[in-house]
Amino acid sequence: MMVEAAVTELKLKLPVLPEIGVVLGSGLGSFADEIEYPTVIPYADIPHWPASTVVGHAGQLVVGRIAGRTVAVLAGRAHLYEGYTPAQSTFATRVLGCLGVHSVILTNAAGGINASYQPGDLVLITDHLNLQGVNPLAGPNNDAWGTRFPGMTFAYTPAYQALALTTAQQLGFTMPTGVYAGLLGPSYETPAEIRYLRSIGADLVGMSTVAEAIVAAHMRIKVIAFSCVTNMAAGMLNQELNHEEVLETGRQQADRFKSLLRAIIPQLNA
């Protein structure tokens, strides 16, 4: 199978296998530069690995050490709106699980729906709404990866959530929490859609993360997830949204984000 081919190739290329995965969202790619003793592998050199076509996503896997732990950093992800299938958009998560990763940190740039948020806030995701129209587990189930009907009650590991909140406080900032709504994209939402999302309990909106979290839960990988609020959602401010604003706000918050990850990674255990 395609996942097995990628795993076999990576085991040949990597001097050590990762225990923790980190997926970097738009504007947060500089965290990959923090890795010590890095092995950098372009996605194009990994069998069947989907290319990342979005500006701000480097499109490479970086495996090395940080804070004493071996991590695999995905500098770029595949999105459904790029034309990828659900299986392709979660291919990297499957590969990480088969490499033995026990925990994954998912990050994204998101629009803020909750009026208490400010652009630049780092928000801990506590749950999600899958509004992308597909589920990555649809189709034949591979029992070696997980059960046919996995539960999602604890998809975002509660112990990791408590850890993130405590760590943020120790670093000197308060981290809000929220529910992330995953939509297909690539167009940004309309003001009417944002009003609808708010009414059904969404605090954040974006175009990624949800499928990855579902597949991670299926494979019994622990998940912790963060959104960087790069803009307030459509209709909340009298201005149009654009990707350049997303990237710039992500870059502005990169130092705080990196400090948070450096503090959290040593505490993630199997």
**Fill in**
Of the residues in the range 9-44 that are in a helix (DSSP H, G or I) and without any contact (Cβ under 8 Å) to a residue 24 or more places away in the chain, the one that is surrounded by the most Cβ atoms within 10 Å (Cβ to Cβ) is Asp33
**Message:** What's the number of the only condition in (1) part of a loop (DSSP other than H, G, I, E, B); (2) modelled with pLDDT under 95; (3) within 19 Å of the chain's Cα centre (by Cα) that Ala202 fails to meet?
**Reply:** (2)
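Being outside any loop (DSSP other than H, G, I, E, B) and either farther than 15 Å from Asp203 by Cβ or without any contact (Cβ under 8 Å) to a residue 12 or more places away in the chain (or both) is the filter; apply it to the range 163-185 and report the residue that is nearest to the chain's Cα centre (by Cα).
Here is the first cut: in the range 163-185, the residues outside any loop (DSSP other than H, G, I, E, B) are 163-170, 177-183.
Remaining after also requiring either farther than 15 Å from Asp203 by Cβ or without any contact (Cβ under 8 Å) to a residue 12 or more places away in the chain (or both): 163-170.
Working: Leu163: 18, Ala164: 15, Leu165: 18, Thr166: 21, Thr167: 19, Ala168: 18, Gln169: 22, Gln170: 23 Å.
That would be Ala164.
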**Subset of the range 57-69 (residues that are closer than 18 Å to Ile105 by Cβ, crowded, with 18+ Cβ neighbours inside 10 Å and not hydrophobic (A, V, I, L, M, F, W, C))** = His57, Gln60, Gly64
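Of all residues in the range 45-60, count the ones that are closer than 15 Å to Thr8 by Cα and outside any loop (DSSP other than H, G, I, E, B). Spell out how you get there, then give the answer.
Step one: filter the range 45-60 for residues closer than 15 Å to Thr8 by Cα, giving 45-49.
Filter again for outside any loop (DSSP other than H, G, I, E, B), leaving 45.
Here the count works out to 1.
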**Request:** Among the residues of the range 18-33, count how many are touching a strand residue (DSSP E or B) at 6+ places or on another chain (Cβ under 6 Å), over 15 Å from Arg77 (Cα atoms) and of a type outside the set (Val, Ile, Thr).
**Result:** 2
**Fill in**
If you go through Arg148, Arg195, the only one that is in contact (Cβ under 8 Å) with a residue 40 or more places away in the chain and of a type in the set (D, E, K, R) is Arg195
**Message:** Could you check the range 63-110 and list, in sequence order, the residues that are among the small types (Gly, Ala, Ser), on the phi < 0 side of the Ramachandran plot and in contact with a Gly (Cβ under 7 Å, 6 or more places away or on another chain)?
**Reply:** Ala72, Ala75, Ala109, Ala110
**Request:** Please tell me if Leu106 is hydrophobic (A, V, I, L, M, F, W, C), within 14 Å of Met175 (Cβ to Cβ) and either buried (at least 16 other Cβ atoms within 10 Å of the Cβ) or under 15 Å from the mean Cα position of the chain (by Cα) (or both).
**Result:** no
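Among the residues of the range 7-20, are any closer than 21 Å to Ser227 by Cα, of a type in the set (A, V, I, L, M, F, W, C) and out of contact with any Leu (no Cβ under 6 Å at 6 or more places or on another chain)?
Keep residues of the range 7-20 that are closer than 21 Å to Ser227 by Cα, which gives 20.
Going one step further and asking which of them are of a type in the set (A, V, I, L, M, F, W, C), we end up with 20.
Restricting the remaining residues to those that are out of contact with any Leu (no Cβ under 6 Å at 6 or more places or on another chain) gives none.
Checked against the condition, which is being closer than 21 Å to Ser227 by Cα, of a type in the set (A, V, I, L, M, F, W, C) and out of contact with any Leu (no Cβ under 6 Å at 6 or more places or on another chain), the range 7-20 yields no hits at all.
Condition (residue is assigned to a helix (DSSP H, G or I), in contact with a Ser or Thr (Cβ under 7 Å, 6 or more places away or on another chain) and within 14 Å of Ala225 (Cβ to Cβ)) applied to the range 144-162: is it met by at least one residue? Give the derivation first.
Of the range 144-162, the ones assigned to a helix (DSSP H, G or I) are 158-162.
From the residues that got through so far, the ones that are in contact with a Ser or Thr (Cβ under 7 Å, 6 or more places away or on another chain) too are 161.
When the remaining residues are screened for being within 14 Å of Ala225 (Cβ to Cβ), the result is 161.
Yes, the range 144-162 has at least one match.
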**Request:** List every residue pair whose Cβ atoms lie under 8 Å apart, where the two residues are 6 or more positions apart in sequence or sit on different chains, the first residue falls within the range 75-90 and is within 15 Å of Ala6 (Cβ to Cβ), and the second residue, located anywhere, is surrounded by 18 or more Cβ atoms within 10 Å (Cβ to Cβ) and of a type in the set (Lys, Arg).
**Result:** Ser89/Arg77
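Which residues, taken from the range 88-137, are assigned to a loop (DSSP other than H, G, I, E, B) and under 20 Å from Arg77 (Cα atoms)? Outline the logic, then answer.
Residues of the range 88-137 assigned to a loop (DSSP other than H, G, I, E, B): 90, 100-102, 113-121, 132-137.
Thr90, Gly100, Val101, His102, Gln132, Gly133, Val134, Asn135, Pro136, Leu137 - these are the residues of the range 88-137 that are assigned to a loop (DSSP other than H, G, I, E, B) and under 20 Å from Arg77 (Cα atoms).
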**Complete:** Residue set Glu189, Glu212; condition of a type in the set (Asp, Glu) and either at pLDDT below 95 or in contact with an Asp or Glu (Cβ under 9 Å, 6 or more places away or on another chain) (or both); output residue Glu189
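The values are calculated or read from the model by the stated rules, or taken from the named source; none is laboratory data. Since the model is a prediction, treat every value here as computed from it, not as a measurement. Cβ sites come from the backbone with ideal geometry, for glycine too, and all protein chains shown count toward neighbours.
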